[in-house]
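To start, the structure under review is shown below, and the notes come after it.
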Amino acid sequence: MKASESLPNYESKSRETTNFIIKSIKQVCKDSPSRKAGSEGENNAQQFVASTMEKFADSVETQDITVKSAKASTPVLQGIFCIFSIVFACVAGFIPVITTYLMFSSVVFMALSVLCPALKATKNSKNVICVKNPSGEKKRRIVFVGNINSPIERKLLRISGPALEKFAYFYFTIGCLICIVFDGFYVACGYTLLGPYVILFEIAFIPACVIYMNFYNAKQDIQGAVGNLTGTFDSLAVMQYLSYNNLSLENTELVSVSAGAGAYGAREFVRKYSPKYSDIPTLFVSVDCLQSTESFSVSAVNTSSDILTAASQNASVNVVEGKDTISSSLLAAMKNEKALRISAADLNEKFVYATREDVITEISPMAIEAGLKLSLETAYLFDEKGI
């Protein structure tokens, strides 16, 4: 059975649930406009989710988590370190051995800042896990996941969208590696043959450092109304729609998760619950950034996205499979599971993801309703046929 066949007045009832999503987003943006990972604002938002979902779920559980994430100051420190090494090479008598060491240290520092827990910020956050039992025998499970936090502003995204951010990251990283190679040849050739070329190249590399240093703007609060909250409350609204209308999936346990600390919280949820969820076939669905009805994209890991394609036809939503999007970190957190992603981030005309423009006035009721219908049809299809 299709979700659209679950009630004779499906359109009006799905619109009521859309209004539930919008009202919830407005309430969170009013009470907790800033929800950085581990902050009081994020904690208050999760309390709101838990108290709201107690009316619709058979059980609501809070999972306390400790996550470690790269510090927002890391790109600044890396950029300063590299600029220092370049200036040192220019004014300190052409001492390539030291310059090579400094450049290499910068690359090592970049790797450590991503991989080493000691160089990461420790944050205490929580996930809210809501469960609704099926009406019949439990044969499978579907888990919808959104993230409640608001991110640190990514300044380069605000300036010029994803292209500039990717350019800055690769320009900086590859530039560091090339400088190390250049300095190595400089040393091997007796400090003279390639000297002028090495210095000219490294001076030309300074703009990459400056651009990369502006990766984040930690001082700017972001509501994350579109980029984060639309996905979170869409994930919760599948359960709200069923419970509010006295419906249940027949053989599928429905789990809705509001993840704290973004992808880090989602990863901790999967790490803890994946062994428990091995009892029956389980499908994870990440929902993020329901911004535009013209930008719906879907993708899958360890499974086929055919169910989303079929669901989109049932929901009359146009989707593109595998479209590039920056809002895929939740899916990455589920890389070892059978997982799907639903996103509708507008990467062209009105880009707001992870910027200060991501405010409540930018939400699109039409995109939210389309995302809800797509999620509902996915749940009903999975309940009927599995994967």
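The length gained on full extension between Lys30 and Ser59, counted as 0.36 nm times the residue separation minus their Cα-Cα distance, comes to 7.8 nm.
Taking all protein chains together and rolling a 1.4 Å probe, Ser304 ends up with roughly 50 Å² accessible. Were the residues from Lys338 through Asn133 laid out at 0.36 nm apart, the gain over their Cα-Cα distance would be 71.7 nm. Potential lengthening of the chain between Glu384 and Lys13 amounts to 131.4 nm, from the contour at 0.36 nm per residue minus the alpha-carbon distance. For the listed residue pairs Lys123/Lys373; Lys166/Lys350; Lys26/Lys120, the alpha carbons are over 28 angstrom apart in Lys123/Lys373; Lys26/Lys120.
Give me the distance between the Cα centres of the stretch 1-73 and the stretch 333-359, rounded to whole Å. The stretch 1-73 and the stretch 333-359 have Cα centres separated by 17 Å. Applying both filters, DSSP loop and at most 15 other Cβ atoms within 10 Å, to the GluC sites (Glu not before Pro) of the stretch 239-281 gives Glu250. Calculate the FRET efficiency for Ala121 and Thr309 from the Cβ-Cβ distance with a Förster distance of 45 Å, rounded to the nearest 0.05. Result of the calculation: an efficiency of 0.70.
Within the stretch 39-76, the trypsin sites (Lys or Arg not before Pro) that combine a DSSP coil assignment with at most 13 other C-beta atoms in a 10 angstrom radius are Lys55. For Thr66 and Glu40, a Förster radius of 25 Å and the Cβ-Cβ distance give a FRET efficiency of 0.90, rounded to the nearest 0.05.
About the centre of its Cα atoms, the stretch 140-184 shows a dipole size close to 420 debye [charges on the beta carbon of Lys, Arg (+1) and Asp, Glu (-1) only; nearest 20 debye]. In the stretch 242-387, a dipole from Cβ-located charges (positive for Lys and Arg, negative for Asp and Glu) runs towards its positive end, and of Leu308, Ala379, Phe269 it is Phe269 whose Cα lies farthest in that direction.
Modelled this way, with points 7 Å down the Cα-to-C-beta line, the labels at Lys272 and Asn217 are 3.5 nm from one another. Sorting the segments 221-233, 203-215, 362-374 by their residues' average number of neighbouring beta-carbon atoms within 10 angstrom, most packed first, yields 221-233, 362-374, 203-215.
Heavy-atom accessible area for Leu200, with the other protein chains in place and a 1.4 Å probe, reaches approximately 120 Å². Here r is the Cβ-Cβ distance between Glu5 and Ile360 and R0 is 45 Å; the resulting FRET efficiency, rounded to 0.05, is 0.85.
The values are calculated or read from the model by the stated rules, or taken from the named source; none is laboratory data. Because the structure is a prediction, the values reported are computed rather than measured. So basically every Cβ, Gly included, is an ideal-geometry build from the backbone, and we count neighbours across all protein chains shown. Accessible surface areas use protein heavy atoms only, side chains included; no ligands, DNA or RNA. Shrake-Rupley method; radii C 1.70, N 1.55, O 1.52, S 1.80 Å.
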